[in-house]
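The block underneath contains the structure these notes are about, expressed in structure tokens.
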Amino acid sequence: MNELKIEQSPYVIIDKIQKLKRFGEYSGGILTKLIGSTKSLIFSEKLILSEDPPNLFVKGLHVWFKNGEIQSKESESIITDFDEIDYIIQLKPELIKEFDSARFSAHYPHIVRFLHTACLYLDADSFKIDHLEFVTGEILNRPVGITHDNGIILGDRLVIDDKRLIFYDCILIGREERGKLNQSYEHFLTIPLKFLSSLILLGNENF
């Protein structure tokens, strides 16, 4: 029996699992997820994927783990080995518009903001981090969660309540049952901590 071909969204630029590459220049909100639950995320507004020579040029905010510590830096990168990339997805303009319209004011007095990007939780083979007890019950700003199946939760706010995570106004990126990448928007999402491999807060140094 022939397998039914999966039609990917035109917003998917690279998908390692589906063996998809769409060469060209892209702009707007773009997320690059490198292989591995603790590998880099790159938040960018410009990206060039070239077939000849094969390389990816991306300029934006890189977030990654090194020796169990979170690192973040605005930089330009050229990636020549596409096998390092799990997926690249361009966020739908309507999702970005809804996300931006729902953001809390930067002057809201009861939101915890970190000066530098911080890791609150990491569940990896080589490192374990759990600082959640220090921020339980607080309203946290700019959370990013990575799930064990390499999905991404990009939220405006987060509240942690007894190992339960409540994301507010968030963009979700993940795979459907047959492996197709999908993106959606939720005004709030409640998930158990066990679903996440890492949880970080983007710091003020990047904004």
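The charge dipole of the range 44-90, taken about the Cα centre with unit charges on the Cβ atoms of Lys, Arg (+1) and Asp, Glu (-1), comes to about 260 debye, rounded to the nearest 20. Based on Cα contacts under 8 Å between residues 6+ apart, the range 49-141 shows a relative contact order of 23 percent. Per-residue extension of 0.36 nm, minus the Cα-Cα distance of F188 and E94, leaves a gain of 32.1 nm for this segment. Cα centroids of the range 175-207 and the range 66-141: 9 Å apart.
The angle between the Cα long axis of helix 93-102 and the longest principal axis of the Cα atoms of the chain comes to about 10 degrees, rounded to the nearest 10.
At an R0 of 25 angstrom, the distance between the Cβ atoms of R22 and A124 translates into a FRET efficiency of 0.20.
Considering the chain, its Cα convex hull presents a mean projected area of 12.5 nm². For K97, the lysines whose Cα comes closer than 21 Å to its Cα, not counting residues fewer than 8 places off in the same chain, are K46.
Over the C-alpha trace of the range 118-162, radius of gyration and Dmax come out as 11.1, 29 angstrom. Each Cα pair under 8 Å and six or more residues apart adds its sequence gap; the mean of these over the residue count of the chain is a relative contact order of 20 percent. Taking all Cα-Cα distances within the range 10-116, those exceeding 22 Å account for 39%.
The loop-placed GluC sites (Glu not before Pro) in the range 66-163, going by DSSP, that have at most 14 neighbouring Cβ atoms within 10 Å of their Cβ come out as E138.
Of the GluC sites (Glu not before Pro) in the range 163-207, the ones in a loop by DSSP (not H, G, I, E or B) with at most 12 other beta carbons within 10 Å are E176, E177. Extension gain for L132-R103 works out to 8.2 nm (0.36 nm per residue, less the C-alpha to C-alpha distance).
Each reported figure results from applying straightforward, stated rules to the coordinates on display, with no laboratory input. These figures come from a predicted structure and were not determined experimentally. Virtual Cβ from ideal backbone geometry, glycine too; neighbours counted across all protein chains shown.
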